[in-house]
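Read-outs throughout are calculated quantities, based only on the coordinates presented, and are distinct from any laboratory measurement. Since the structure is predicted, the reported quantities are computational estimates derived from the model, not experimental observations. Note that we place each Cβ from the backbone using ideal geometry, even for glycine, and neighbour counts take in every protein chain shown.
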Amino acid sequence: MLQDKNIIIGVTGGIAAYKTVELVSRLRKSGANVHVIMTQGAQNFVTELTFREISGHPVVTSMWDRVQEFKVEHIALAQLADMVVIAPATANILAKMAIGMADDMLTTTVLATKAPVLVVPAMNSNMYTNPATQQNIGILKDRGMLVLEPASGHLACGTAGIGRMPEAAEIFDYIANYFAEGREQQDREELLAKLKGKKVLVTAAGTREPIDPVRYIGNRSSGKMGYAIAEAAVKCGAKVVLISGPSSLQPPAGAEFIPVESAREMRQHVLEHFPNTDVVIKAAAVADYRVRDVAENKIKKDDEELVLVLDKNPDILKELGQLKKPGQILVGFAAETQNLLQYAKGKLEKKNLDMIVANDVTKPQAGFNTDTNLIKLLGRDGSVEELPLMSKKELAYIIWQRVMKLL
Ligand code: CTP
């Protein structure tokens, strides 16, 4: 997430400045370009040389530095920044920023930048809780600055209380999360633009094949994955038809919902909607067999043995693969207990799919009736993408993102 991001780190005069050295190191290792600006106070705690070595760039210590790299423009760093982070931020810099001063390179950069500014205050607890400091922090927050609150604990001044700067790892995580969320937002917006107005058909949950009026052959599918896929598409503005076997879930508002029982019922509705559909995602667990002679009345346990003859159900997805027109996208699911990739790849080819979502249902927290899933996405081009354990709701968006690339 931080690859090639330009992060400007402002260091002010506090003992916690030593932790900022580790923060700069972590940011650089994760691919960010890190430029450090030190106030005069900061140079009493850590040397300029340390930050130069760790960041790999010259450190700006004065407005009047002849920093060749930035063509001496005093707002060059402000323009370059994807984020400005002030850690540690003393009570003094908070006050200066609150009134909009620009008397050194750091305050000038903060005033001139359009990038988000993250402030990490660290100081003696009385200074931190002083109404003046709290008011200044409030002003900065109101202006949209991000503030990472200090932790409580032993302070350098010998007292204990609030004011400790969070550890470098925590500040790093905050920055990484910020960019991850931004990226997610951007991805969602792109997806929204692409899915808007598209006609999509999603099947979900397991079908039921009757044995008699009270019994059926079913499977463990809850419908959670399929419903999440339908919901994500509705939220992105697609016209969604959700054809579902029995499920305890609430169908997403805004989708056309068609409840069905058996595989043959599902087939009938799917075939009806298929001709004017752009994308079909078949997340349903369709029963492969149905009972040949469904008993009219409840079967009594008179015999020691009960033999049911099963007939093969039509493979709906395979039929769609044969009917598919150019421009239509077909996505299937493969729930397996062994040879996951091999079986999934076989189904992708046999059913003429564009993508298949493979999941090993023997894995904990994956497969039937869980809120999370562990899946692999196999493309027609032979690509295999392995995704980490994620909620089914999050996975739904990722599946749509990959599908949209195929359109
Ligand atoms: N499927 C279907 N109609 C069927 C059986 C399956 O449309 N009669 C679809 C499912 O919705 C899923 C995909 O095919 O998207 C894979 O289903 P699965 O039952 O795992 O595959 P099968 O081809 O039936 O293979 P097998 O049961 O032998 O594993």
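Just a few scattered comments:
- The alpha carbons of region 5-44 occupy a box of 29, 15, 8 Å along the principal axes, longest dimension given first.
- Close amide H pairs (under 5 Å, H built 1.01 Å from N) link Ala89 with Val120, Ala122, residues at least 5 positions away or on another chain.
- The smallest convex shape that holds all Cα atoms of region 6-179, its convex hull, gives 99 Å³ per residue.
- Extension gain, Asp311 to Leu192: 0.36 nm times the residue separation minus the Cα-Cα distance gives 38.6 nm.
- Under a 5 Å amide H cut-off, with hydrogens placed 1.01 Å from N, Thr372 pairs with Lys392 among residues at least 5 apart or on other chains.
- Leu111/Ala169 FRET efficiency (R0 25 Å; Cβ-Cβ; nearest 0.05): 0.25
- Listed by chain and number, the lysines whose C-alpha is less than 27 Å from the C-alpha of Lys300, apart from same-chain residues fewer than 8 away, are Lys312.
- For the chain, the Stokes-Einstein estimate of translational diffusion at 25 °C and a viscosity of 0.890 mPa s comes to 97 µm²/s, using the Kirkwood hydrodynamic radius over alpha-carbon pairs.
- Reach of Lys96 by Cα under 29 Å, taken over lysines that are not fewer than 8 positions away in the same chain: Lys5, Lys19, Lys71, Lys114, Lys141
- R0 of 51 Å, Cβ-Cβ distance Lys199-Glu304: FRET efficiency to nearest 0.05: 0.45
- The chain, dipole about Cα centre (Lys/Arg Cβ +1, Asp/Glu Cβ -1), debye to the nearest 20: 680
- Rounded if a/c under 1.5, otherwise prolate or oblate - region 196-406, Cα gyration tensor axes: prolate
- Loop exposure criterion: GluC sites (Glu not before Pro), DSSP state outside H, G, I, E and B, at most 13 other Cβ atoms within 10 Å. Applied to the chain, the longest stretch between such sites is 74-295.
- The slack in the chain from Ile139 to Gln185, taken as 0.36 nm per residue of separation less the alpha-carbon distance, amounts to 13.9 nm.
- In the chain, Cα pairs under 8 Å separated by at least six residues give a relative contact order of 11 percent.
- Estimated inter-spin distance, Met127 and Ser391, nm [label 7 Å along Cα→Cβ]: 4.1
- Using a cutoff of 8 angstrom between alpha carbon atoms and counting only pairs six or more residues apart, the relative contact order for region 164-296 works out to 32 percent.
- FRET efficiency for the Asp4 to Asn44 pair, using the beta carbon distance and R₀ = 30 Å, is estimated at 0.35.
- Radius 14 Å from Cβ of Tyr178, net charge of other residues (Lys, Arg +1; Asp, Glu -1): -3
- Separation of the Asp381 and Arg52 label points, Cα + 7 Å toward Cβ, nm: 4.7
- Taking Lys and Arg as +1 and Asp and Glu as -1, the other residues whose beta-carbon sits under 11 Å from that of Asn352 total +3.
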